[in-house]
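Read through the structure below, which is laid out as structure tokens, and then see the notes.
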Amino acid sequence: MNKKGHVLNAVLLAIGLAYILRPSGDMETFVTIAELFVPLVLGALFPDVDTAFGKHRKTLHNLPVLGVIVAYPIYFGNLQFVWIGVATHYLLDVVGSKRGIALFYPVTKTEYGLPVGVTTSSSRADALTVVITLGELAALAAVQYFLVDLNTGTPREAVAAVLAGLPV
């Protein structure tokens, strides 16, 4: 995917996730859209920073980097939704692009992707981005409604509650 596709994904995620977290459709929902917009867009664009200094789709497109980004807000209590932007960036590149990403770099340079992907210049790229985003929103809704409240205080509190077996 290209930058336009990742931003489209993040914007649609901000809107959809806001309605998952605050389904009333009132001002609180719109405030939530505004709160989610920046972290999701930053997270969606972050992995492509490696185009300036590293091997694109290798240096910042791998599971160890995702692990650090997921762990950061657990320990520091901020950037709660940035990891969703990063994870969905990876998913878009694996599912939506022909090339895939090197998930296990630097251990191996092998790039993984699905055969349904399109080239970044394809006229079908935006439509595929929307379809993938709908799948991501369905997964986030399942997490929200059946596993853990994505909007619980800080991620550290949510993880602690899940580990303790407490309702969140």
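Structural descriptor for segment 1-48: relative contact order 48 percent, calculated from alpha carbon pairs under 8 angstrom and at least 6 residues apart. With both labels modelled 7 Å from their Cα along Cα-to-Cβ, the Val38 to Leu79 distance reads 1.5 nm.
Length available on full extension from Ser24 to Val68: 0.36 nm per residue minus the Cα-Cα distance, which gives 12.5 nm. The protection proxy used here, the mean number of other Cβ atoms lying within 10 Å of each residue, ranks peptides 137-144, 34-41 as follows, highest first: 34-41, 137-144. Annotation: amide H of Val118 within the under-5 Å range of Ser97, Lys98, sequence separation 5 or more or interchain, hydrogens built in the peptide plane. Straight Cα distances below 19 angstrom link Lys4 to the aspartates and glutamates Asp48, Asp50, Asp93, Asp126, Glu136, with same-chain residues fewer than 8 positions distant left out. With the highest mean first, a sort of the peptides 15-25, 106-116 on other beta-carbon atoms found within 10 angstrom per residue produces 15-25, 106-116.
We did not get these values from a lab; they are worked out from the coordinates using the rules stated. Please read all numbers here as calculations on a predicted model, not as lab measurements. All Cβ positions, even for glycine, are placed from backbone atoms using ideal geometry, and neighbour counts span all protein chains on display.
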